[in-house]
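So the structure is just underneath, and the comments pick up after that.
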Amino acid sequence: MCSLVRMTLDTETGDVGLVRAIKEFSPDFLNHIADYAGDLRRESLLIFLTLAKAIGAKTIVETGTIRVKDAPDGQSTKVFAEYARLTGAKVYSVDITPEHIETSKSELGDLLPYVTYACEDSVTWLSRFNAPIDMLYLDSYDFEVDNPTASQQHELAEIGAAYGKLSTPGAVLLDDCALPFEGKGYLGTRFLQSRGWKMVFDGYQRLFINF
């Protein structure tokens, strides 16, 4: 795992290679994150958190919370809660389905105090949110191959609702991109790139920075 995160971020080119702040994360912390993230999201979420530490992020917002009890991967809410416990950051988790919120709360255990939940449409909530967002993670709408534009348009609407609140420096992480039609990330990718954001990771998730 250490070789995975020994990298530097070149802010001139946007290349991710060591993010020095990783040295401030303990092996236990990194192991927790790797377990929660699973194989598909491990590398991108570790880079996302390392960037958060490097820029001193205080606010993380995720759309879409833990939905499945004992899920073997993709437990992003736990990932961000662990970061909040370590750093004192605030985590907001937004999901429109009450059952998802209850599942997520039950999964967090002693991490629960580090997350503020909202059961609401994510676009509506983001439009009303009135604080700077340092790190934004978007995963609130299931991608369907037979109807790809629904999730793509929803994610674009989320970015639009949050865009004026994104900090500089800041980061946006899009989930479910390595799928047909570029998954949920098709429109969001183009929106961010057209505004000068740099894609520093392109895998199952895509990570963008504005610095």
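Among the conditions (1) part of a helix (DSSP H, G or I); (2) within 18 Å of L138 (Cβ to Cβ), Y92 misses just one, which is (1). The combined condition, being in contact with a helix residue (DSSP H, G or I) (Cβ under 6 Å, 6 or more places away or on another chain) and surrounded by fewer than 22 Cβ atoms within 10 Å (Cβ to Cβ), is fulfilled by S127. None of D175, D202, D142 is buried (at least 22 other Cβ atoms within 10 Å of the Cβ) and of a type in the set (D, E) except D175. Scan the range 201-211 and tell me whether some residue there is assigned to a loop (DSSP other than H, G, I, E, B) and among the hydroxyl-bearing types (S, T, Y). Checked the range 201-211: at least one residue is assigned to a loop (DSSP other than H, G, I, E, B) and among the hydroxyl-bearing types (S, T, Y). The residue that is farthest from A89 (Cα to Cα), counting only those in the range 133-151 that are among the small types (G, A, S) and assigned to a helix (DSSP H, G or I), is A150. Within the range 48-74, the set of residues being modelled with pLDDT of 90 or more, surrounded by 21 or more Cβ atoms within 10 Å (Cβ to Cβ) and touching a Phe, Trp or Tyr at 6+ places or on another chain (Cβ under 8 Å) comprises F48, L49, A52, I60, V61, E62, T63, G64, T65.
Considering (1) loosely packed, with under 14 Cβ neighbours inside 10 Å; (2) under 14 Å from the mean Cα position of the chain (by Cα), say which one G188 fails and leave the rest. For G188, the exception is condition (1). Checked against (1) free of Cβ contacts under 8 Å to residues at least 60 places away in the same chain; (2) outside any strand (DSSP E or B), T168 passes all but a single condition, namely (2). Please verify whether V19 is closer than 20 Å to L86 by Cα, modelled with pLDDT under 65, buried (at least 16 other Cβ atoms within 10 Å of the Cβ) and touching an Asp or Glu at 6+ places or on another chain (Cβ under 9 Å), treating the condition exactly as stated. Considered against the rule, which asks whether it is closer than 20 Å to L86 by Cα, modelled with pLDDT under 65, buried (at least 16 other Cβ atoms within 10 Å of the Cβ) and touching an Asp or Glu at 6+ places or on another chain (Cβ under 9 Å), V19 comes out as no. Quick check, is L156 at pLDDT 95 or above, within 21 Å of T59 (Cβ to Cβ) and surrounded by 21 or more Cβ atoms within 10 Å (Cβ to Cβ)? Judged against the criteria, L156 is not a match. Taken over the range 42-76, the criterion of being β-branched (V, I, T) and closer than 22 Å to V200 by Cα is satisfied by I47, T50, I55, T59, I60, V61, T63. Residues in the range 75-107 that are of a type in the set (S, T, N, Q), surrounded by 15 or more Cβ atoms within 10 Å (Cβ to Cβ) and within 20 Å of D176 (Cα to Cα): Q75, S76, T77, S93, S104. Entry remark, the range 52-72: residues being among the aliphatic types (A, V, I, L, M), touching a residue at least 60 places away in the same chain (Cβ under 8 Å) and either in a loop (DSSP other than H, G, I, E, B) or touching a Gly at 6+ places or on another chain (Cβ under 9 Å) (or both) number 2 in total. Does the range 114-132 contain any residue that is closer than 19 Å to H32 by Cα and part of a helix (DSSP H, G or I)? Among the residues of the range 114-132, at least one is closer than 19 Å to H32 by Cα and part of a helix (DSSP H, G or I), which makes the answer yes.
The values are calculated or read from the model by the stated rules, or taken from the named source; none is laboratory data. Please read all numbers here as calculations on a predicted model, not as lab measurements. Counting neighbours? That spans all protein chains shown, and the Cβs are built from the backbone with ideal geometry, glycine included.
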